[in-house]
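Take a look at the structure below.
The values are calculated or read from the model by the stated rules, or taken from the named source; none is laboratory data. All figures in this text were calculated on a predicted structure; none of them were measured in a lab. With ideal geometry, Cβ positions are generated from the backbone for all residues, glycine too; neighbour counts draw on all protein chains shown. Ligands, DNA and RNA are excluded from the accessible area calculation, which covers all protein heavy atoms including side chains. Shrake-Rupley method; radii C 1.70, N 1.55, O 1.52, S 1.80 Å.
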Amino acid sequence: MKKGLKLVCLMLLAASMLFTGCEKKSTRTQVRWFVGLGAGSDEPTFAPQKAVVDAFNASQDEIELVLEIVDNDQAFQTLATQISGGNAPDIVGPVGIRGRDSFKGAWLDLQPLVDKHGLDLSQFDKSMIDFYRDEKDGLIGLPFGVYPSYLYVNKELFEEAGIPLPPKNYGEKYVDENGKEWTWDYDCLKMLGQKLTVDANGNDATSPAFDPENIVQWGFGIVWGDARGYGTLFEPNNLVAEDGKTAQIPSAWLDAWKWTYDGMWNSHFIPNGPYGSSDILSAGSWGESGKIGMFQCHLWYSGYAVMDYDWDVYPMPSYKGRTTAKMHADTFEIPKGSKNPDAAFKALSYLVTTAADDLLNIYGGMPAQTTKQKAFLDNFFKTRYPHVTVNTDIIIDSVQYADNPNHEAWMPSFQETSTAYTEFWDNLTNNPGLDLDAEAAELKVKLQEIYNNAKD
């Protein structure tokens, strides 16, 4: 038995004995907390999570919270087996959008429990409450840890190029009140991207002498972006229509893909596949390279990357009057098969409020509780990047522009669909001269074939 699994078993045993004693059985309602779909399944997190469980169990005498940790590699199958076998846990989390939607239809609507127990939802940003409202299934999660996205900007490269930085706040125009709207268009972000893109001879991408075969610095990109990630920045949508069975290519997504493809192969301000995975761009972690003027990514990148130059964060541009800042977020769910939904909701409420600080210190992520966000971010960046001053208001404000539907949302035959659009994107990023209309049409046909045969 692996060391991690042994520890889990010991934890479960300890939890089961905590209130039973040797002679008297506990009258508490047992609530099983399943961890493994997201963070929390690596061994260093076991003891801190157990401490949260112990604190909850000591805080009241009605509920016994029992921790069940499953290795991430086995968690999806284990949970699926438990649910189908009528042995669903009572709480599942933390879990992101993709993990949540891999079990679409399995989650309890929490709104009746919110109303019954009087949980104050105003402590969370309204846009994040809406983020967890499903048209069919209701409120299927409560906000917990959020990872907004925004533009990371290398201020040193802007200074070298002699061009003004992007607007400091959402709603502001580029340069000044008489300037341009902050958009993805040619005369705004794309223009800046080209001026920030430089070849080995010092020519920028607007110069007739620019050499696209010897680029040493780029203007823009999405770190680890894909077809859905680039598409959602123009408009939140999905590759499956609202009926859940019809393949679609949203027109705004096709615009985004064409814009991106032009940036890679014609305007040259976005790294293409070969450049993007090269050592000059830190093998895909572009922000660490210091060789990209602007890049879009989430808050978690600041905890991952080492950026030892002068940088700051800036608002996302708009497309046809709409601004989108794609969102990653973790939540806790109650399966419909929970045998103790009321007790589970009381424990879940504790996890996303009272225990949120301790859990977020374990998992990372900005608190969903709005009153805690500013202090968290100030401490987060002071600790990790003392050499820069980060405009944390942009990170908080970006929550208002979260993509809903989310770019990781459910699709029929999730894995097979993901493979299809990944192959499409790999083709786009690695091959010039493609007809994007034809490629998108072919993708739609492939997706429809997958959906027609989907079992989930």
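Among the candidates K444, K455, which residue alone is in contact with a strand residue (DSSP E or B) (Cβ under 7 Å, 6 or more places away or on another chain) and open to solvent by 80 Å² or more (accessible area, probe 1.4 Å)? Answer to the check: K444. Checked against the criterion of being free of Cβ contacts under 8 Å to residues at least 40 places away in the same chain and either buried (at least 23 other Cβ atoms within 10 Å of the Cβ) or assigned to a helix (DSSP H, G or I) (or both), the candidates K258, K195 yield just one match: K195. Which numbered condition trips up D357, out of (1) of a type in the set (D, E); (2) over 30 Å from W253 (Cα atoms); (3) buried (at least 16 other Cβ atoms within 10 Å of the Cβ)? Against the list (1) of a type in the set (D, E); (2) over 30 Å from W253 (Cα atoms); (3) buried (at least 16 other Cβ atoms within 10 Å of the Cβ), D357 comes up short only on (3). Residue-level check: of (1) open to solvent by less than 30 Å² (accessible area, probe 1.4 Å); (2) assigned to a loop (DSSP other than H, G, I, E, B), K136 misses just (1). From the list G303, G263, pick out the single residue that is crowded, with 16+ Cβ neighbours inside 10 Å, in a helix (DSSP H, G or I) and in contact (Cβ under 8 Å) with a residue 24 or more places away in the chain. Sole residue among the options that is crowded, with 16+ Cβ neighbours inside 10 Å, in a helix (DSSP H, G or I) and in contact (Cβ under 8 Å) with a residue 24 or more places away in the chain: G263.
Has the range 111-118 got at least one residue that is among the aliphatic types (A, V, I, L, M) and part of a loop (DSSP other than H, G, I, E, B)? Looking through the range 111-118, none of the residues is among the aliphatic types (A, V, I, L, M) and part of a loop (DSSP other than H, G, I, E, B). Residue selection: E408 satisfies the criterion of being charged (D, E, K, R), part of a loop (DSSP other than H, G, I, E, B) and either under 21 Å from V313 (Cβ atoms) or open to solvent by 10 Å² or more (accessible area, probe 1.4 Å) (or both). Go through the range 165-175 and report how many residues are touching a Pro at 6+ places or on another chain (Cβ under 9 Å) and either at pLDDT below 85 or of a type in the set (A, V, I, L, M, F, W, C) (or both). Adding up the residues that qualify gives 1.
Residues are listed down the side, and each one gets a yes or a no for (1) surrounded by 15 or more Cβ atoms within 10 Å (Cβ to Cβ); (2) in contact (Cβ under 8 Å) with a residue 24 or more places away in the chain; (3) part of a loop (DSSP other than H, G, I, E, B):
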residue: S122; (1), (2), (3): no, no, no
residue: G145; (1), (2), (3): yes, yes, no
residue: P167; (1), (2), (3): yes, yes, yes
residue: D176; (1), (2), (3): no, no, yes
